[in-house]
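Novice: Got a structure here, written out as structure tokens. Questions coming.
Throughout, read-outs are computed from the coordinates displayed, never taken from laboratory work. This structure is a prediction, so every number in the text was calculated from the model and none was measured. Here the Cβ positions follow ideal geometry from the backbone for every residue, glycine too, while neighbour counts run over all protein chains shown.
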Amino acid sequence: MNSASSPSSLPLHISTVHTSRATINRFQSLLHLTSIFALLYYRLSEITTAATPSSLFSLFPILAAELILSTIWLCYQAFLWRPVFRTTFPDRLPREEAALPPIDVFVCTTDPEKEPPWEVMNTVVSAMALDYPPGKLSVYVSDDGGSIVTLSSLKAARRFARCWVPFCQRFGIECRCPRAYFSGRPEKEGDGGGKSLECFEVEKMKVEAKYEEFKCSVAKAVENGAATIATFNPRDHSPTIEVIQDDSGDDEYETSRVKCPLLVYVAREKRPSSPHHFKAGALNVLLRVSGIMTNSPYVLVLDCDMYCNDPTSAKQAMCFHLDPEISHKLAFVQFPQKFHSLSENDIYDGQMRTLFVVRWPGMDGVQGPILSGSGFYIKREALYGNVSKKDIPQLKQCFGDSNDFISFVKQSNRHNLFHGAEVPIDLLEEAHFLAQCSYERETSWGKEIGFRYESVVEDYFTGFMLHCKGWTSVYCTPSTPAFLGSSPTNLNDTLVQNSRWNSGLFEVVLSKFSPLIYGMSQKMSLLQTLCYGYRLHGSWSLP
Ligand SMILES: O=c1ccn([C@@H]2O[C@H](COP(=O)(O)OP(=O)(O)O[C@H]3O[C@H](CO)[C@@H](O)[C@H](O)[C@H]3O)[C@@H](O)[C@H]2O)c(=O)[nH]1
Ligand SMILES: [Mn+2]
């Protein structure tokens, strides 16, 4: 058992190696290995004693297939070698707000027709309501569709969050996604925060009325936006960045000056002549824009359909990030992806159990799980690489021409600049400059810094490169799912998603970053390299 200490000398988290499971796994691996050797011995003796060239001709492909499958099998054993389980104690984190580091939350959305704005707004509001000091939380929404629908809906979300956030905090609400809360899905209502039931019911009714207003505003935004969607080209437009401020002014929440996390809308520039690099491109723009606005040392990344189900996830992640024994090497804390949209039968295994139940705990016992796209708290510094030895011209070469951004890269502890105050015009201008297509030209964005562009599975590849550089990661699986999303529920969508993932992964295997070769040459352990090497099974996606 491993433990780490909080300032009060009690551990912030403990990790336990599942010894009985590891022993059974190792015994089974040994058994299988013996059979594989026996099979290969049999095949080789068959080849050496083959009577005719035609029988040799048929034996070689069989041997090749057996060798490939054996290598894939060998790689898989690394997942089973040392499974680890972790427990966190968020209550032991320092009580003073000042001791908690700020967090920037990134939510990515692309298409208001395929990704319903109502769902996206619920994700945004659930992130704003995380159990974390609101002044230390900033939510950035990347809209790759550049849609007016998303922008108008965000304004409604901000208005609703002003009453939702204090309501959740005051009454200790456990389910902070308003749609899930008001549709009666929450298992627990919270402990009432010590307030009387009557007071709670009165407040709940008020908030519910605001919720209905919020719902209508989003529906209206969708309706009004239908006409512009037809004429607007999401692949060819200038950047739009807006800090969403209070604009109603007619209710008690504004006058009570309730603190609410900062909310920023970012639609980067899109031009047909410039590659946009999908989600990785969007995340890198958010890294830059947030870099000059709040520059929080930690970033939570969420897909637009993944709402925060357990508000304590930020504090749980901080139990690892604030542990001085592991934090200097720790790049990210990954939570499992869990889904609310699946039926009990789940015939296409949308839950991806082998991944989140077997493989990630296995990797956690080695160097840490693979970055999984959504639901991870990553250290900004890990994405910037080593900047301490670079002078200003070198930094400009890597990070681009923005003096403001460069000054923040150099001072990673300068953050939260204008929370709640008027947004300076020149800051907004600089943010627009950072969101231009041309900004990344001849820089290291996507190659050495930020989220990587080499593969369509940007999450896997970014995590792989971090592990290659010696960073570690942690897998955190609390019993209450930290995030809940929707997963494909029909064969067609499942096939499209899986072939995209597998072809993206196989693309990496065939590149110069092929895990088995590149991983071995870097700072990665043998077992971790084998785990990444298991991606050879992407060859199944070949016709
Ligand atoms: O050009 C793009 C394309 C996608 N996205 C967003 O990226 C997220 C994931 O995209 P989606 O089409 O839903 O892909 P999935 O296959 O569901 O996503 C899984 O696989 C991706 C890697 O292939 C990871 O990035 C995701 O986090 C992971 O959930 C969504 O929020 C999108 O809005 C963008 O912002 N810009
Ligand atoms: Mn998705």
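Novice: For the stretch 77-220, compute the orientation-averaged projected area of the C-alpha convex hull (one quarter of its surface), in nm². Don't skip to the end; give the middle numbers.
Specialist: On the way: hull surface 48.4 nm².
Value for the stretch 77-220: 12.1 nm².
Novice: Longest segment of the chain with no GluC sites (Glu not before Pro) in a DSSP loop having at most 16 other Cβ atoms within 10 Å?
Specialist: Result, exposed sites excluded: 190-324.
Novice: Within the chain, what percent of beta bridges assigned by DSSP are antiparallel, to the nearest 5?
Specialist: Counting only bridges with both partners in the chain, antiparallel ones make up about 50 percent.
Novice: Output ³J(HN,Hα) for the stretch 205-219: one whole-Hz value per residue in order, computed from phi by the Karplus curve 6.51 cos²θ - 1.76 cosθ + 1.60 with θ = phi - 60°, and x for Gly and Pro.
Specialist: Per residue, the Karplus-derived 3J(HN,Hα) values read 5, 4, 5, 5, 5, 5, 4, 5, 4, 4, 4, 5, 4, 5, 4 Hz.
Novice: Can you give me the three principal axis dimensions of the chain from its C-alpha atoms, in Å, biggest first?
Specialist: Projected onto the principal axes, the Cα atoms of the chain cover 92, 55, 49 Å.
Novice: If you find the alpha carbon centre of the stretch 206-233 and of the stretch 333-371, how far apart are they in angstrom?
Specialist: 34
Novice: Applying the Karplus parametrisation 6.51 cos²θ - 1.76 cosθ + 1.60 with θ = phi - 60° to the phi angles of the stretch 150-162, what ³J(HN,Hα) value in whole Hz is obtained for each residue in order, glycine and proline being reported as x?
Specialist: 3J(HN,Hα) across the stretch 150-162, in whole Hz: 5, 4, 5, 5, 5, 5, 5, 5, 5, 4, 5, 4, 5.
Novice: How large is the dipole of the chain about the Cα centre if only Lys and Arg carry +1 and Asp and Glu carry -1, each at its Cβ, rounded to the nearest 20 debye?
Specialist: Roughly 1660 debye, rounded to the nearest 20.
Novice: Can you tell which of A435, T49, G291 lies farthest toward the positive end of the dipole of the chain, using +1 and -1 charges on the Cβ of basic and acidic side chains (Lys, Arg; Asp, Glu)?
Specialist: Checking the options against the dipole of the chain, the answer is T49.
Novice: Where the convex hull is taken over the Cα atoms of the stretch 19-119, what is its projected area averaged over directions, in nm²?
Specialist: It is 14.7 nm².
Novice: Now a separate question. So how long is each side of the stretch 333-384 along the principal axes, counting just the alpha-carbon atoms, biggest first, in Å?
Specialist: Per principal axis, max minus min of the Cα coordinates gives 42, 22, 12 Å.
Novice: Let me ask something else. Report the Rg/Rh value for the stretch 442-537, based on alpha-carbon coordinates and the Kirkwood definition of Rh.
Specialist: On the way: Rg = 15.2 Å, Rh = 15.0 Å.
My calculation puts Rg/Rh at 1.01.
Novice: Taking the alpha carbon gyration tensor of the stretch 344-503, what are the square roots of 5 times its eigenvalues, largest first, to the nearest whole Å?
Specialist: 35, 19, 18
Novice: Taking each pair of different alpha-carbon atoms in the stretch 271-368 once, compute 1/r for the pair, average those values, and report the inverse of that mean as the Kirkwood hydrodynamic radius in Å to one decimal.
Specialist: 16.6
Novice: At a 10 Å Cβ-Cβ cut-off, how would you order H467, H32, H328, fewest neighbours first?
Specialist: Least crowded to most crowded, the residues run H328, H32, H467.
Novice: Using 7 Å Cα-to-Cβ label points, what is the E344/Q522 separation (nm, one decimal)?
Specialist: That separation, rounded to one decimal, is 4.4 nm.
Novice: Rank V387, H321, Y265 by how far each Cα sits towards the positive end of the charge dipole of the stretch 99-513 (+1 on Lys, Arg Cβ; -1 on Asp, Glu Cβ) and give me just the farthest.
Specialist: V387
Novice: Size of the dipole of the stretch 434-515 about the Cα centre, Lys and Arg at +1 and Asp and Glu at -1 on the beta carbon, nothing else charged, in debye to 20?
Specialist: Dipole size: approximately 140 debye.
Novice: Across the stretch 50-60, in residue order, what do the Karplus-derived ³J(HN,Hα) couplings come to in whole Hz, using 6.51 cos²θ - 1.76 cosθ + 1.60 with θ = phi - 60° and x for Gly and Pro?
Specialist: Once θ is set to phi - 60°, the couplings for the stretch 50-60 become 4, 7, 10, x, 5, 5, 4, 4, 7, 6, 5 Hz.
Novice: Also, quick follow-up: Sum -39500 (n - 2.57) across every DSSP H segment of at least 4 residues in the chain, then divide by the residue count to get the 222 nm mean residue ellipticity, nearest 500.
Specialist: -14000 deg cm²/dmol
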